[in-house]
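Notes follow once the structure below has been shown.
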Amino acid sequence: MRAKLPVFPLILLTLLTLVAFAGNSLLCRLALRHSGMDAASFTTIRLVSGAVILWLIARGRPRDTAGQGSWSAALALFAYAAAFSFAYLNLTVATGALLLFGAVQGTMIGYGIRKGERLSWLKATGIILAILGLVGLLLPGLSAPPPGASALMLAAGIAWGIYTLLGRKAGDPVKVTAGNFLRAAPMALALSLLTLPYATLDQAGIGYALASGALASGIGYVLWYTVLPQIKTSTAATLQLSVPVIAAAGGILFLGEPITIRLLLASATVLGGIALVVLTK
């Protein structure tokens with residue numbers, strides 16, 4: 001039984017975790033729009049650096065804990081990371097984070113329904129609200145995000161949802177995540193080789209990619225696995241609703257990105273709908 005953390009360290013670790021998750025969107029956008037980094041190279045450096053830091057952390061785990069990852073989960077992880085990077089070539093931080101989060105939660109909720117989970121009227125209302133919010137965001141108009149980039153980010157969210165589902169009850173989460181990152185790294189290297197003629201690197205972009213892989217992804221996941229057993233499932237679900245909000249705030253503060261009325265209304269509708277689903281017993 002893992003020892004219970006005191007309240008203040010638990011709050012601090014939780015905040016750091018949520019900032020790390022939102023930071024992936026911000027770091028990717030910084031690298032792709034404010035440096036000379038290409039999307040394939042960002043993906044590769046992110047996954048390779050994440051694999052290295054997670055492998056080092058996993059080596060310190062107790063030897064009696066099981067978990068090694070799988071190729072199917074690694075493929076889903078790679079699909080998420082690649083689609084995520086290419087989508088952020090043409091999306092703002094806030095829009096990308098909302099589309100990603102909506103697709104992840106939609107995938108997991110859809111899986112639950114397929115497995116026979118019964119829907120109360122509150123849950124059904126929440127699902128309808130979330131769908132309407134995403135549809136409203138993507139409807140053609142002057143403030144609509146680019147359809148191609150939006151489709152890529154939705155695909156990234158579906159891939160991450162699948163990755164999450166594949167990892168349930170797969171053993172020690174740190175060892176499993178390290179194994180998946182190690183398997184996904186060669187896939188990313190293959191992508192970089194295929195796109196080598198278009199590769200562009202610079203010092204700032206490499207730094208952002210390393211921070212995304214080693215800190216926001218690697219350390220972020222380890223922090224989350226430390227916090228998760230200490231809080232209720234409903235609390236964890238609620239906390240995740242803040243990730244797109246934190247990402248949007250980062251985009252405004254550090255990148256000067258605008259927030260449109262359409263995005264605000266869509267965010268309130270999507271996040272409110274998801275909250276109804278995940279918080280209703």
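Laboratory data are not the source of any read-out in this text; all were calculated from the coordinates shown. Please read these numbers as outputs of a predicted model, since none were measured by experiment. Here the Cβ positions follow ideal geometry from the backbone for every residue, glycine too, while neighbour counts run over all protein chains shown.
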How many nm separate the modelled label positions at PHE254 and TRP121, each set 7 Å beyond the Cα in the direction of the Cβ? 4.5
Mind checking which of LEU98, LEU26, LEU119 has the largest fluctuation in a GNM of the chain, springs on alpha carbons under 10 Å? LEU119
Could you tell me the center-to-center distance, by alpha carbons, between region 6-81 and region 201-268 in angstrom? 12
Listed highest first by mean packing, meaning other Cβ atoms within 10 Å per residue, what order do 69-75, 18-24, 4-10, 255-261 come in? 18-24, 69-75, 255-261, 4-10
For region 78-113, list residues with backbone N below 18 Å from a point placed 7 Å from the Cα of LEU189 toward its Cβ? 78-79, 82
Difference of contour (0.36 nm per residue) and Cα-Cα distance, SER70 to VAL135: 20.0 nm
In whole angstrom, largest first, the equivalent ellipsoid semi-axes that the Cα gyration tensor gives for the chain are 26, 26, 18
Springs between alpha-carbon pairs under 10 angstrom, Gaussian network model over the chain: which of LEU210, LEU91, LEU239 fluctuates most? LEU239
Let me confirm the definition first: pairs of Lys residues in the chain, 8 or more apart or on different chains, C-alpha distance under 24 Å. How many are there? 13
Only four residue types carry charge here, +1 at the Cβ of Lys and Arg and -1 at the Cβ of Asp and Glu. Report the dipole size of region 7-279 about the Cα centre in Debye, rounded to the nearest 20. 660
Highest-fluctuation residue, SER49, SER143, SER217 considered, GNM on the chain with Cα pairs under 10 Å: SER143
The extension gain from ILE231 to ALA199, computed as 0.36 nm times the residue separation minus the Cα-Cα distance, is 7.2 nm
Sort 34-45, 102-113 by the packing proxy (mean of other Cβ within 10 Å over each peptide's residues), most packed first. 34-45, 102-113
Given the candidates GLY273, THR17, THR226, the one whose Cα lies deepest towards the positive end of the charge dipole of the chain, counting +1 at each Lys or Arg C-beta and -1 at each Asp or Glu C-beta, is THR226
Looking at PHE101, GLY148, TYR88, which one has the Cα that reaches farthest to the positive end of the dipole of region 74-180 (charges on Cβ: Lys, Arg +1; Asp, Glu -1)? PHE101
If you average 1/r over all unlike Cα pairs in region 1-149 and invert the result, what Kirkwood radius do you get in angstrom? 18.6
Cleavage-rule hits, trypsin sites (Lys or Arg not before Pro), region 89-185, DSSP coil, Cβ neighbours within 10 Å at most 15: LYS115, ARG118, ARG168, LYS169
